[in-house]
Amino acid sequence: IGPKRTGTCLVKAYRFNRRTEELTEISSLPTEAKLCHMETQGTLLVGTAFVGAYIESFQLAKDGRIERSIEKISFKSKSTGKSKRKKVHPHAFKFDPEGRFGFMPDVGRNLIQVFEVQGAKLKHRPELDYKSKIGAGPRHFTFHPNGKSAYLINEKDFTLTAFNYANGQLTPTDTQTCLPMEFEKRNSGAD
């Protein structure tokens, strides 16, 4: 994730020299907005734009260079009344251990959107989306090394949700607070 230069946001790839512990830039591509999270699976790189409300996928070369942008999937905020809007705020993107599905927690809409990887493209699978409790604010998501369990940290209510996982389907098994009962100060959860 590169800095903003002359009005352009960039996604960059670096090579790490273990001997000298130095980074050398090997590629750079412009993006529409600052990306807050990056995830790779094979030769696919997916960047998440919190403020821009989109995910963008990129093709990676075998040596790690970013070759090109493949697709950008934008999300629109939807009106829920005269002045109320459900803001779209994707925070991250995570592939399942097999690389068949991708998961995008959205803190604004209280859901995890599920995408199926089809070649180098991502296809939204709305029937697999997980809707969290209103006000929970899903933020970051990860899998257990066994590939059969997954975990979600909720930013707004500072809870942790556990899931059983199989073939793109998340089945919640438990949600616990991450705070002591007597804690009353402002808080939020993150990765």
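Here are some notes:
- Within segment 138-170, being among the polar types (S, T, N, Q) and either in contact with a His (Cβ under 9 Å, 6 or more places away or on another chain) or under 15 Å from F103 (Cα atoms) (or both) holds for T142, S149, N154, T161, N164, N167, Q169.
- Residues satisfying the stated conditions in segment 92-119, i.e. part of a loop (DSSP other than H, G, I, E, B) and closer than 18 Å to S74 by Cβ: A92, F93, V107, G108, R109
- Beta carbons closer than 6 Å, at least 6 apart along the sequence or on distinct chains, pair a first residue in segment 136-147 that is on the phi < 0 side of the Ramachandran plot and among the aromatic types (F, W, Y) with a second that is open to solvent by 20 Å² or more (accessible area, probe 1.4 Å) and in a loop (DSSP other than H, G, I, E, B) for F143/P97.
- Residue in segment 76-91 that is closer than 30 Å to R15 by Cα and at pLDDT below 95 present: yes
- Residue match in segment 141-153 (condition: in contact with a Leu (Cβ under 9 Å, 6 or more places away or on another chain), part of a loop (DSSP other than H, G, I, E, B) and open to solvent by less than 80 Å² (accessible area, probe 1.4 Å)): no
- Hey, K131 surrounded by 13 or more Cβ atoms within 10 Å (Cβ to Cβ), under 21 Å from F50 (Cβ atoms) and either more than 15 Å from the chain's Cα centre (by Cα) or in contact (Cβ under 8 Å) with a residue 60 or more places away in the chain (or both) or not: no
- Residues that are among the charged types (D, E, K, R), open to solvent by less than 50 Å² (accessible area, probe 1.4 Å) and under 25 Å from G108 (Cβ atoms) within segment 8-45 comprise just one, E39.
- Output for segment 168-178, where each listed residue is out of contact with any Lys or Arg (no Cβ under 8 Å at 6 or more places or on another chain) and open to solvent by 40 Å² or more (accessible area, probe 1.4 Å): Q169, T171, P172, T173, D174, Q176, T177, C178
- Output for segment 46-74, where each listed residue is surrounded by fewer than 19 Cβ atoms within 10 Å (Cβ to Cβ), in contact with a Leu (Cβ under 9 Å, 6 or more places away or on another chain) and charged (D, E, K, R): E67, R68, E71
- Residues in segment 36-61 that are aromatic (F, W, Y) and touching a Cys at 6+ places or on another chain (Cβ under 9 Å): F50 alone.
The values are calculated or read from the model by the stated rules, or taken from the named source; none is laboratory data. Computed from a predicted model, the values in this text were never measured in an experiment. Here the Cβ is made from the backbone with ideal geometry for all residues, glycine too, and neighbour counts use every protein chain on show. Ligands, DNA and RNA are excluded from the accessible area calculation, which covers all protein heavy atoms including side chains. Shrake-Rupley method; radii C 1.70, N 1.55, O 1.52, S 1.80 Å.
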